[in-house]
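Undergrad: Sharing a structure with you now.
The values are calculated or read from the model by the stated rules, or taken from the named source; none is laboratory data. Since we're looking at a predicted model, the values are computed, not measured. Here the Cβ is made from the backbone with ideal geometry for all residues, glycine too, and neighbour counts use every protein chain on show.
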Amino acid sequence: MNQDLQKERAAASFNPELLTHVLDGSPENTRRRREIENLILKDPDFQHEDLNFLSRSQRYEVAVRKSATMVEKMRKFNIADPAEIMWFKKLHLVNFVEPVGLNYSMFIPTLLNQGTTAQQEKWLLSSKGLEIIGTYAQTEMGHGTHLRGLETTATYDPETQEFILNSPTVTSIKWWPGGLGKTSNHAIVLAQLITQGKCYGLHAFIVPIREFGTHKPLPGITVGDIGPKFGYDEMDNGYLKMDNYRIPRENMLMKHAQVKPDGTYVKPLSNKLTYGTMVFIRSFLVGESARCLSKACTIAIRYSAVRHQSEITPGEPEPQILDYQTQQYKLFPLLATAYAFQFVGAYMKETYHRINEDISQGDLSELPELHALAAGLKAFTSWTTNTGIEACRMACGGHGYSHCSGLPNIYVNFTPTCTFEGENTVMMLQTARFLMKSYDQVHSGKLVCGMVSYLNDLPSQHIQPQQVAVWPTVVDINSPDSLTEAYKLRAARLVEIAAKNLQTEVIHRKSKEVAWNLTSVDLVQASEAHCHYVAVKLFSEKLLQIQEKSIQAVLRNLCLLYSLYGISRNAGDFLQGSIMTESQITQVNERIKELLTVIRPDAVALVDAFDFQDVTLGSVLGRYDGNVYENLFEWAKKSPLNKTEVHESYHKHLKSLQSKL
Amino acid sequence: MTQNERYEAAIKKKFHIQMLAQRLGWSEDSRELYYANRSLSGDLGLALQFVFQKALRSLGSEEQIAKWDPLCNKLQILATYAQTELGHGTYLQGLETEATYDAATQEFVVHSPTLTAIKWWPGDLGRSATHALVQAQLICSGAQQGMHAFIVPIRSLEDHSPLPGITVGDIGPKMDFDHSDNGFLQLDHVRVPRENMLSRFAQVLPDGTYIKLGTAKSNYLSMVVVRVDILSDEVIPLLQKACVIAIRYSVIRRQSRLRPSDPEAKVLDYQTQQQKLFPPLAKAYAFHFVANSLLEFFHRSYSSILDRDFSLLPELHALSAGMKALVSDFCIQGAELCRRACGGHGYSKLSGLPSLVTRVTASCTYEGENTVLYLQTARFLVKSYLQAQESTSQRSLPQSVAYLTAPDLAMCPAQKVADFLHPELYTTAWAHVAARLIKDSVHHLQTLMQSGADRHEAWNQTTVIHLQAAKAHLYYVTVKIFTEALEKLENQPAIQQVLKRLCDLYALHGIMTNTGDFLHDGFLSGAQIDMARKAYLDLLLLIRKDAILLTDAFDFSDQCLNSALGCYDGNVYERLFQWAQKSPTNTQGNPAYEKYIRPLLQGWRSRL
């Protein structure tokens, strides 16, 4: 064990085990999580080789092998609970990229949500047992988030009772679906339904793409891998082009909408139901943001306690870089953010389950707010995490750039979260649409509830874009409640400004859509402020639920740091809205620096509490024992370039270069 | 390509270009070679030869230059520059490698005493270099004399095998720079002759007497040179390319509708997309002028420094350090923004953007970690501020900080939106904020010291605000350089006009992202912030019209962009499909199917 880390752990003000229980939800959850972890980590069947030294094709092969083993093991260990399946997969795949993953995360859930009972009977069993490996093909080469723009067509032919699938243009080729390139033999394809000469919009179809037995593409199907990407080397994201490809009528998922044998179209009852899956995935991504940022913080903070550099006072030994104020200022706000997002993620998961209960009883009233919140928080947390992982990597200096740090892999595999399941800017604008609706509702005299209820206070306060001090409150910068209040005022103000600017543009331009576009920078800002408020609020409320004094104290410091850092970074909003004064901002900046010093002794224990095992971190710099340099040297010796003492290119190129000149 | 293949390709390219240069008589600092490099996107092996030579010419005596430089030019030796160690980076004094003088044999014994002293990261070291310029602690006559540079032969010129006492190899896979064999070097009492210590600024006489000829700073000179060069040779073009790709793609890509009746709109017509892409574009242009201006300043001061006149060195050092940090930080952010602005396809390597991002992002660390560099600028600012306060001092302040003594307005005079389009107005605003933050940072430092804190501890406890002050100062300098560059374009009014919009956008975007600093002491009012914001948003629409031509003007060939999204003809989707089909995953078989997928698919069946 590295001496520095040993000292850090001994000096912490709390027992990280107790904090781990808070993060997992209960001691029982922690116990069960570790049980599953050990099941995998101690199992020789899951060989955890270092992917960094493998080619893309080798990485794909390893992932497929692990998927296959995993299916066997889950049956053997009888792991069926969805949450446990998630843990199980995450662990043994380390980076959670698996070519057959879409079968479970998209193909089967879509079949369950949109397939009739007969359809489920036909396909569910074989897809659960992987006789069918399915994927979900929505995105096209030229079209993404805007669903109505998709070009793939499914034209019904009543004579044969078949749908004819076509990719009419190059931009309509399905592009990106995971597992499509090489692995899957079926896909749920989203296509524009045309029957009796009329287009009825997007519907889902089950499309066989590869032949059983040979795995060769079926006639009429062109399918392949879309080539190398930033990350996700293990995944065969694919393309799919269909050329007058016929499938039986029964392959359209018909739980909601139907096409009768004669071609008559029957409309679905409600569109809102499809929100459910999206909300689930986006809520899950909020938690994923928290986990990835937590991993990055673990690596950067442990390494910063091991790394010594330069001098603070001449003559003394080189200090740990974690003792530099600038290093603390880079890392501790991110650590606080990671904790904030852990709690936001837990809240989203709970809310999703609660509202899902309501939905199953036919109560859809809370769905629009949840949908808006999930969209906004997915964007808010993934943007922050994206920047945060990068900041952690850069805080590790040169070694952060090496794959040995694990940080490049965490980054490249996380960053698509900003794009998939709804591009972040578009997500923010969806939240903004809900905020604008709520604002209008308040103005027409109706109260709104939930997270936006602060808008109810607006009409009485007559906020103007450049008002003088109208806020009745004085912000106490040491009170999480009071800071939540300040964030609420900021959100209210920015929502109001966006709404007013939108109205002004409408008056000038007379087209709602043009006005919306010309206000969209304001609208995104309003959504961000709303999400930021939600995060601060959830963090400060979490403090009340914690009994253990030492844990509460340390979380309270993190909560304050998270809130104050956000104020400092957005000081203009708080000043311009007269929510805080200049001298308060100065106090905020001073308080942040004090908090850095207060958190410093607990920093290592705070990342230990995330409880990531070394294999899961995949980082030489972030090792629990802190023996960084020895292992770094050993790791480098494994580089493929070191296989021979003199590289062949010396003989091929260098030698002749030297002799010819 | 694998790491091994990319390395080989880079060496091969270097080989061909060297033959070409020799045939056509291009000298090694020539414009021709710079252009040739630009067209190959710098994907060349043996780049460190150049760093070695720069260091040699800055730190070597005339005899040493005469001996080693021609060997480098003819590639009879392949050299690298080995400074960073496994446990030590930017902080030179902390390096552990030792060079102990042995008067009996007139040799230096170069040695890595610990694991953390192993040289780590130097480019071309892993597999290629025959010689390394090793930075080591000089010990002679029993005294430590600090860091000096030594030429150490590491591989046999006959068969390329490592020489006795040398352990050398590649440090393993990185985020990028696969083509470069960054390496490690462990030295076990390796002996080099006395003449191998570079001795322009310090000498060791045969009997071991140490003679100092320059200031302690002179050793930094080679770093200053490299920092200036690296901006225009490597860092800025990467941002420019990212802008070209993202902006071209944004007029091809259509998504959603602006009006229900319209066809899908080009994504560049969305305000949010403009707000993502135009500030990086403005930066790409701003930094072009910044790099030019720095180079001019460098050449002005360089010759006097070589004559051992060090008066301009502090400013040169502070400015080059800070600008390297600011420009690389913004280029990193900008390139990543461009990548993400291309949605899913930006994640595909076929877009060319991931490689630009992973490449530019290394620049936050190499040639000096950015935070450390900002703080070097900050130290210079503190000194300059204190100098400005001494009314007795007759010496004028260095040019870049002259504004510290200029008369300052307490409030911005802007009254309408259009006022924010006056270069003088926003330059003054930036000068005001920079001056205030520098004043605050000095004030904080002094208060802490007066309350009894040790000078060094006080510095550490105020570094966050020093960082902020340095960034504001550097932003001010870039705004000023950009506006001055515009003035020189009077004869080309059309060009001047379009660049002025970018300059305005650059300055205002900086204000918009730091409104707190401008509101803080009431320099700008809330109403003025709203005006500046309006001016900023209006500029987006004006720049939209010229956006494509502004990216065409960088004049990168398709081959050099290597992007399916950013090609000049805009045939994005056709190219994307073609390139994907060529991917090895599609042209080679799928061994995973036979091994795992097939049993998986059939295992279930057999159990039925």
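Undergrad: Restricting to region A:477-518, name every residue that is within 30 Å of A:Gln587 (Cα to Cα), free of Cβ contacts under 8 Å to residues at least 40 places away in the same chain and either assigned to a helix (DSSP H, G or I) or in contact with a Ser or Thr (Cβ under 8 Å, 6 or more places away or on another chain) (or both).
TA: Matches in region A:477-518: A:Ser482, A:Glu485, A:Ala492, A:Ile497.
Undergrad: Determine if region A:199-215 includes at least one residue that is of a type in the set (Phe, Trp, Tyr), surrounded by 21 or more Cβ atoms within 10 Å (Cβ to Cβ) and at pLDDT below 95.
TA: Looking for residues that are of a type in the set (Phe, Trp, Tyr), surrounded by 21 or more Cβ atoms within 10 Å (Cβ to Cβ) and at pLDDT below 95, one finds none in region A:199-215, hence no.
Undergrad: Which of the residues that make up region B:508-541 are of a type in the set (Ser, Thr, Tyr) and under 20 Å from B:Ala435 (Cβ atoms)? Show your work before the answer.
TA: Residues of region B:508-541 that are of a type in the set (Ser, Thr, Tyr), as a first pass: B:513, B:515, B:525, B:536.
Result: B:Thr513, B:Thr515, B:Ser525.
Undergrad: Condition test on B:Arg308, is it of a type in the set (D, E, K, R) and closer than 21 Å to B:Pro237 by Cβ? Step through it out loud before you land on a result.
TA: Numbers: of a type in the set (D, E, K, R): yes; closer than 21 Å to B:Pro237 by Cβ: no.
The answer is no for B:Arg308.
Undergrad: Moving on to the next point. Taking the criterion of being within 11 Å of chain B (Cβ to nearest Cβ) and not in a strand (DSSP E or B), would at least one residue in region A:361-382 satisfy it?
TA: Yes - at least one qualifying residue is present in region A:361-382.
Undergrad: Show me the helices (runs of 4 or more DSSP H) entirely contained within region B:306-403 in which 1 or more residues are at the interface with chain A (Cβ under 10 Å from one of its Cβ atoms), β-branched (Val, Ile, Thr) and closer than 22 Å to B:Val477 by Cα. Please lay out each step first, then the result.
TA: Details: elements: B:313-341, B:353-360, B:370-389.
Of the helices (runs of 4 or more DSSP H) lying wholly inside region B:306-403, those with at least 1 residues that are at the interface with chain A (Cβ under 10 Å from one of its Cβ atoms), β-branched (Val, Ile, Thr) and closer than 22 Å to B:Val477 by Cα span B:313-341, B:370-389.
Undergrad: Considering only residues that are within 30 Å of A:Pro16 (Cα to Cα) and either within 14 Å of another protein chain (Cβ to nearest Cβ) or of a type in the set (Phe, Trp, Tyr) (or both), which ones fall in region A:518-553?
TA: Here is the first cut: in region A:518-553, the ones within 30 Å of A:Pro16 (Cα to Cα) are A:531-553.
Result: A:Tyr533, A:Phe539.
Undergrad: In region B:255-291, which residues are more than 7 Å from chain A (Cβ to nearest Cβ) and on the phi > 0 side of the Ramachandran plot?
TA: Result: no residue meets the conditions.
Undergrad: Now for a separate question. So is B:Thr105 surrounded by fewer than 23 Cβ atoms within 10 Å (Cβ to Cβ) and farther than 20 Å from B:Ser180 by Cβ or not? First the steps, then the outcome.
TA: Working: surrounded by fewer than 23 Cβ atoms within 10 Å (Cβ to Cβ): yes; farther than 20 Å from B:Ser180 by Cβ: yes.
Yes.
Undergrad: Identify all residues within region A:572-587 that are facing another protein chain (nearest Cβ under 7 Å) and either more than 11 Å from B:Asp521 (Cβ to Cβ) or crowded, with 16+ Cβ neighbours inside 10 Å (or both); write none if there are none.
TA: The first filter runs over region A:572-587 and keeps only residues facing another protein chain (nearest Cβ under 7 Å), leaving A:572, A:575-576, A:582, A:585.
Within region A:572-587, A:Gly572, A:Leu575, A:Gln576, A:Ile585 qualify.
Undergrad: Can I ask one more? Across region B:179-199, what is the total count of residues that are in a strand (DSSP E or B) and closer than 30 Å to A:Ser402 by Cα? Break it down stepwise before answering.
TA: Within region B:179-199, the subset in a strand (DSSP E or B) is B:183-187, B:190-193, B:197.
Filter once more, keeping what is closer than 30 Å to A:Ser402 by Cα: B:183-187, B:190.
So the count comes out to 6.
Undergrad: What pairs come out if I take residues in region B:562-578 that are more than 10 Å from chain A (Cβ to nearest Cβ) and pair them with residues that are of a type in the set (Ser, Thr, Tyr) whose C-beta lies under 6 Å away, six or more apart or interchain?
TA: Every condition considered, the pairs that remain are B:Ser563/B:Ser351; B:Leu565/B:Tyr249; B:Leu565/B:Ser351.
Yes or no, residue by residue, for (1) at positive phi; (2) within 14 Å of chain A (Cβ to nearest Cβ); (3) surrounded by 20 or more Cβ atoms within 10 Å (Cβ to Cβ); (4) among the aromatic types (Phe, Trp, Tyr):
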| position | (1), (2), (3), (4) |
| --- | --- |
| B:Leu499 | no, no, yes, no |
| B:Tyr506 | no, no, yes, yes |
| B:Asn514 | no, yes, yes, no |
| B:Leu519 | no, yes, yes, no |
| B:Tyr536 | no, yes, yes, yes |
| B:Leu541 | no, yes, no, no |
| B:Ala547 | no, no, yes, no |
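Undergrad: Quick check on this structure: which one of A:Ser583, A:Ser619, A:Ser568 is farther than 30 Å from B:Met512 by Cβ and among the small types (Gly, Ala, Ser)?
TA: On the way: A:Ser583 fails: farther than 30 Å from B:Met512 by Cβ; A:Ser568 fails: farther than 30 Å from B:Met512 by Cβ.
It is A:Ser619.
Undergrad: Across region A:179-206, which residue is nearest to the other protein chains (Cβ to nearest Cβ) among those that are hydroxyl-bearing (Ser, Thr, Tyr) and within 25 Å of A:Gly129 (Cβ to Cβ)? Reasoning before the result, please.
TA: Narrowing region A:179-206 to residues hydroxyl-bearing (Ser, Thr, Tyr): A:183-184, A:195, A:200.
From what's left, within 25 Å of A:Gly129 (Cβ to Cβ): A:183-184.
Working: A:Thr183: 6, A:Ser184: 10 Å.
Only one residue tops the list, namely A:Thr183.
Undergrad: Then there's this: Output the helices (runs of 4 or more DSSP H) that fall wholly within region A:519-630 and possess 3 or more residues being in contact with a Lys or Arg (Cβ under 9 Å, 6 or more places away or on another chain) and at pLDDT below 95, or say none.
TA: Details: elements: A:520-544, A:549-569, A:571-576, A:582-599, A:603-608, A:614-617.
By residue number, A:614-617.
Undergrad: In region B:359-411, which residues are under 29 Å from B:Thr90 (Cα atoms) and among the basic types (Lys, Arg)?
TA: Answer for region B:359-411, where residues must be under 29 Å from B:Thr90 (Cα atoms) and among the basic types (Lys, Arg): B:Arg359, B:Arg379, B:Lys383.
Undergrad: Kindly indicate whether B:Ser303 is farther than 30 Å from A:Trp383 by Cα and either outside any helix (DSSP H, G or I) or among the β-branched types (Val, Ile, Thr) (or both). Steps first, please.
TA: Numbers: farther than 30 Å from A:Trp383 by Cα: yes; either outside any helix (DSSP H, G or I) or among the β-branched types (Val, Ile, Thr) (or both): no.
The answer is no for B:Ser303.
Undergrad: Filtering region A:315-343 down to residues that are outside any helix (DSSP H, G or I) and more than 7 Å from chain B (Cβ to nearest Cβ), which residue is farthest from A:Asp602 (Cα to Cα)?
TA: In the first step, residues of region A:315-343 are kept if they are outside any helix (DSSP H, G or I); the result is A:315-320, A:324.
From what's left, more than 7 Å from chain B (Cβ to nearest Cβ): A:315-317, A:319-320.
On the way: A:Gly315: 27, A:Glu316: 24, A:Pro317: 22, A:Pro319: 17, A:Gln320: 15 Å.
Among residues in region A:315-343 that are outside any helix (DSSP H, G or I) and more than 7 Å from chain B (Cβ to nearest Cβ), the one farthest from A:Asp602 (Cα to Cα) is A:Gly315.
Undergrad: Within region A:597-627, which residues are surrounded by 22 or more Cβ atoms within 10 Å (Cβ to Cβ) and at the interface with chain B (Cβ under 9 Å from one of its Cβ atoms)?
TA: none
Undergrad: Is there any pair linking a residue in region A:207-233 that is farther than 29 Å from B:Tyr347 by Cα and within 9 Å of another protein chain (Cβ to nearest Cβ) to one that is buried (at least 17 other Cβ atoms within 10 Å of the Cβ) and of a type in the set (D, E, K, R), with Cβ under 9 Å and at least six apart or on different chains, and which?
TA: Going by the 9 Å Cβ cut-off, the qualifying pairs are A:Phe212/A:Glu131.
Residues are listed down the side, and each one gets a yes or a no for (1) under 30 Å from B:Gly368 (Cβ atoms); (2) crowded, with 24+ Cβ neighbours inside 10 Å:
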site: A:Ala395; (1), (2): yes, yes
site: A:His403; (1), (2): yes, no
site: A:Thr417; (1), (2): no, no
site: A:Val426; (1), (2): no, no
site: A:Lys437; (1), (2): no, no
site: A:His443; (1), (2): no, no
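Undergrad: Please work out if B:Gly60 is crowded, with 16+ Cβ neighbours inside 10 Å and within 22 Å of B:His179 (Cβ to Cβ). Walk me through how you get there before you give the answer.
TA: Details: crowded, with 16+ Cβ neighbours inside 10 Å: yes; within 22 Å of B:His179 (Cβ to Cβ): no.
For B:Gly60, the condition - crowded, with 16+ Cβ neighbours inside 10 Å and within 22 Å of B:His179 (Cβ to Cβ) - is not met.
For every residue, the table says whether it meets (1) surrounded by fewer than 21 Cβ atoms within 10 Å (Cβ to Cβ); (2) charged (D, E, K, R); (3) in a helix (DSSP H, G or I).
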{"position": "B:Trp430", "(1), (2), (3)": "no, no, yes"}
{"position": "B:Leu437", "(1), (2), (3)": "no, no, yes"}
{"position": "B:Met449", "(1), (2), (3)": "yes, no, yes"}
{"position": "B:Ala453", "(1), (2), (3)": "yes, no, no"}
{"position": "B:His473", "(1), (2), (3)": "no, no, yes"}
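Undergrad: Mind counting the residues in region A:90-113 that are under 27 Å from A:Gly224 (Cβ atoms), modelled with pLDDT of 60 or more and assigned to a helix (DSSP H, G or I)?
TA: Final tally of qualifying residues: 11.
Undergrad: Still on this model: From the list A:Leu377, A:Leu334, A:Leu367, A:Leu373, pick out the single residue that is touching a Phe, Trp or Tyr at 6+ places or on another chain (Cβ under 7 Å), of a type outside the set (D, E, K, R) and either within 24 Å of A:Glu423 (Cβ to Cβ) or without any contact (Cβ under 8 Å) to a residue 60 or more places away in the chain (or both). Walk me through it before giving the result.
TA: Numbers: A:Leu377 fails: touching a Phe, Trp or Tyr at 6+ places or on another chain (Cβ under 7 Å); A:Leu334 fails: touching a Phe, Trp or Tyr at 6+ places or on another chain (Cβ under 7 Å); A:Leu373 fails: touching a Phe, Trp or Tyr at 6+ places or on another chain (Cβ under 7 Å).
Sole residue among the options that is touching a Phe, Trp or Tyr at 6+ places or on another chain (Cβ under 7 Å), of a type outside the set (D, E, K, R) and either within 24 Å of A:Glu423 (Cβ to Cβ) or without any contact (Cβ under 8 Å) to a residue 60 or more places away in the chain (or both): A:Leu367.
Undergrad: Do we find that A:Glu634 is in a helix (DSSP H, G or I), among the acidic types (Asp, Glu) and facing chain B (nearest Cβ under 8 Å) in this structure? Outline the logic, then answer.
TA: Details: in a helix (DSSP H, G or I): yes; among the acidic types (Asp, Glu): yes; facing chain B (nearest Cβ under 8 Å): no.
Here the answer is no, as A:Glu634 does not meet what is asked.
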